[in-house]
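Data block below; observations after.
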Amino acid sequence: MNDGAAERGPVLDDKQFRRLAEYGEVEHAEPGRDLYTSGDDTYDFFLLRSATVDIVRDATAIEPERLIYRGGPGDFLGELNLLTGQHVYLTARVVIAGTVVRIQSAMLRRALAEQVDIADTLIEAFRERREVIRGAAGNALEIVGRSDAAETLELRTYTAQMLLPNSWLDAASDPGRSLMRRAGLGEDDLPAAMVNGSLLRRATPRTLAEVLGLTYRADGRPVDLVVVGAGPAGLAAAVYGASEGLVTVLLDRAGLGGQAAKSARIENYLGFPHGVSGESLTRLAMVQALKFGVRIYSPCAVVGLDVSEERRPALLLEDGARIRCRAVIAATGAHYRHLDLAQWTTFEKSGCVRYAATELDVRGYESQPVTVVGGANSAGQAALSLAAHGATVDLIIRGADLGARMSSYLSDRIRAHSRIRVHTSSRIRELVGGDTLASIIAERSDGRQDRLACRALFCFIGADPVSGWLTGVAKDDDGFILTDSRLPAKPFGTALPFQTSAPRIFAVGDLRSGSTKRVATAVGDGAGAVSSVHTALAND
């Protein structure tokens, strides 16, 4: 699926083509007709019976129209935005007359649910096409910003999590400066995004999502289950809920993956003997959720919960909208703590303080001195990832034993790594630098201080529950949600696993009081909570 359409990727055989055609309507298509165009809110899936169609990236102010793919008889059109609801990036233009089969969105989802072999082929094709489009259609979404700014990193992380085709331009580069001149952008307008010709100044994930059609919009269909939070627990709950027949909506305040998406490499998750990055695991889970018909909206902040009607709880969104449903699974996890130090906010905004060690985060720190603070697995994974990229790492932990809170496979490798220095029984007392971080002052338990060169500080010192929106639900003293056996009283009888003090509200993952902070446990929570949802809904 490249210039001139060399490779078709996954294809349907003749029997699959005929079976899938039964879900649609046959139409005649004349040359010059656009089956869909870039910028459309939605579009339908098409099977090509005898027509030939060009998929093109529209001309821009600086580039001519570009052929991405030519589809002929026996082929099909579409990619991941058929399932995500994102606006269309490319135009499909008929070049040789013939017949097509139009399959509308609802019927396509039905086909994916009923025809497993066809679903596997289409989902793999959609995923491959999205990867190609991310490069070929990058000009449909152009982002320009300062590479070291936290706002830029947040925007780029969001586009990566949501698999959005885009091109990135550093404001300090010649192409970046050229785009800024053409668009009339100043430094105060950054980061900025050009979306199909529209300009977003001081772009954020939310404003970008609004333009791309990724914010919540009611479509009139009743909702069985709303999952709030798209970390491993929430993604698992959404996948299991939708795959078991529940009309499922997944909402997240920031993006997909939660804390796990920020892990450079997870090496103790079942089924990945060579490890998997949190970002990759999140992408796979997202595609899996879309396959089963989960409707994903992000950023979409939930600010309140109405449980006054026991069998029809309602979620209150930041923009004033309400979502009524039959059950809710809360999986909003926790947010990162920070150190109470002067200039923390300044360096945080400049991008010198980070809370993740993804590929985007560690890029640019090769051969640079950096500091990681924290003593649990996420800190250990970050230290190893940074060292693997050539950075010199100082790992600061308050405790006396590196292995006290960290898995042995990590602590053993850290002790043996030549680029990592471990500072036990230590804490950071000061951040030093002007516009950017230059060094830190670390203090040992005996009061002695060390000045350590540092270009970036990666902070992994724990988190607090994101539970403020769960009004009317019992919590422990730290704000974590009480469930099943931890509930002080059960007015509705014996509580189901993961059930909160509100009978149709369930809590999973790091949000739940007493939870084990592991990806595998979170996934198990999400799957287990869906079983409890089915039991709770059985009386309807």
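Return the sequence-ordered ³J(HN,Hα) values of the range 69-77 in whole Hz as given by the Karplus equation 6.51 cos²θ - 1.76 cosθ + 1.60 applied to θ = phi - 60°, using x for Gly and Pro.
7, 10, x, x, x, x, 8, 9, 10
Enumerate the calculated ³J(HN,Hα) couplings along the range 334-347 in order (Karplus 6.51 cos²θ - 1.76 cosθ + 1.60, θ = phi - 60°), each rounded to whole Hz, writing x wherever the residue is Gly or Pro.
Each residue's phi maps through the Karplus curve to give 9, 10, 6, 7, 10, 7, 7, 10, 4, 6, 4, 4, 4, 6 Hz.
In terms of modelled amide H atoms, which long-range or inter-chain residues lie less than 5 Å from the amide H of SER350?
ALA150
With a Förster radius of 60 Å, plug the Cβ-Cβ distance of ASP446 and ASP174 into 1/(1 + (r/R0)^6) and report the FRET value to the nearest 0.05.
On the way: r = 52 Å, r/R0 = 0.87.
Once rounded, the FRET efficiency stands at 0.70.
Return an integer: the convex hull volume of the alpha-carbon atoms of the range 55-197, in Å³ per residue.
Roughly 123 Å³ of hull volume per residue.
What is the dipole size for the range 61-116, taken about its Cα centre, with +1 at each Lys and Arg Cβ and -1 at each Asp and Glu Cβ, in debye to the nearest 20?
Working: 6 positive and 5 negative charges, 31 e Å.
Using Cβ point charges on Lys, Arg, Asp and Glu, the range 61-116 gives about 140 debye.
Where the only charges are on Cβ atoms (+1 Lys, Arg; -1 Asp, Glu), what is the dipole of the chain about its Cα centre, to the nearest 20 debye? Write out the running numbers ahead of the final one.
On the way: 61 positive and 66 negative charges, 187 e Å.
Result for the chain is approximately 900 debye, rounded to the nearest 20.
Once neighbouring chains are kept in place and the probe is 1.4 Å, which whole percent of the accessible area of the chain is contributed by carbon and sulfur?
On the way: 10890 of 22660 Å².
Carbon-and-sulfur percentage of accessible area, whole number: 48.
Loop-only trypsin sites (Lys or Arg not before Pro) in the range 441-531, please: DSSP not H, G, I, E or B, and at most 15 other Cβ atoms within 10 Å.
Values: sites: ARG444, ARG448, ARG451, ARG455, LYS475, ARG486, ARG504, ARG512, LYS517, ARG518; in loops: ARG448, ARG455, ARG504, LYS517, ARG518.
Qualifying residues, ordered by number: ARG448.
Given only helices, namely DSSP H runs of n ≥ 4 each adding -39500 (n - 2.57), what is the per-residue ellipticity at 222 nm of the chain, to the nearest 500 deg cm²/dmol? Walk me through the numbers on the way to the answer.
Working: 14 runs with 149 residues, N = 540.
Result for the chain: -8500 deg cm²/dmol, rounded to the nearest 500.
First measure r as the distance between the Cβ atoms of ALA342 and ASP41, then evaluate 1/(1 + (r/R0)^6) with R0 = 56 Å and state the FRET efficiency to the nearest 0.05.
Working: r = 48 Å, r/R0 = 0.86.
Plugging the Cβ-Cβ distance into 1/(1 + (r/R0)^6) gives 0.70.
Suppose all protein chains stay in the model; what accessible area per residue would a 1.4 Å probe give for the chain, in Å²?
Values: 22660 Å² over 540 residues.
Per residue, the chain has an accessible area of 42 Å².
Using only Cα atoms, tell me the angle between helix 150-161 and the longest principal axis of the chain; keep it within 0 to 90° and round to the nearest 10.
50 degrees
Given H placed 1.01 Å from N in the peptide plane, which residues other than close sequence neighbours of PHE458 have an amide H under 5 Å from its amide H?
ARG354, THR371, VAL372, VAL373
Note the listed values [x] 150; [y] 177; [z] 163, then indicate which one is volume of the Cα convex hull per residue in Å³ calculated from this particular structure.
Of the labelled values, this structure produces [z].
What spacing in nm lies between the two simple spin-label points modelled at SER485 and GLU244, each 7 Å away from Cα in the Cβ direction?
Distance between label points: 2.1 nm.
Going by average Cβ neighbours within 10 Å, how do the peptides 79-88, 332-341, 302-311, 234-243 rank, with the highest at the top? Mind showing how you got there, number by number?
Details: 79-88: 22.7, 332-341: 17.2, 302-311: 14.6, 234-243: 28.5.
Answer by packing, highest mean first, reads 234-243, 79-88, 332-341, 302-311.
How large is ³J(HN,Hα), in whole Hz, for each residue of the range 395-402 in order, when computed from phi with the Karplus curve 6.51 cos²θ - 1.76 cosθ + 1.60 and θ = phi - 60°, using x for Gly and Pro?
Values per residue, Gly and Pro as x: 9, 9, 10, 6, x, 8, 10, 4 Hz.
Answer with one residue from LEU225, LEU12, SER178: the one whose Cα lies farthest towards the positive end of the charge dipole of the chain, charges on Cβ with Lys, Arg +1 and Asp, Glu -1.
LEU225
The values are calculated or read from the model by the stated rules, or taken from the named source; none is laboratory data. Remember, it's a predicted structure, so these values are computed and weren't measured experimentally. Neighbour counts run over all protein chains shown; Cβ positions are idealised from the backbone, glycine included. To get the accessible areas, we keep the full protein, side chains included, count just its heavy atoms, and leave off ligands, DNA and RNA. Shrake-Rupley method; radii C 1.70, N 1.55, O 1.52, S 1.80 Å.
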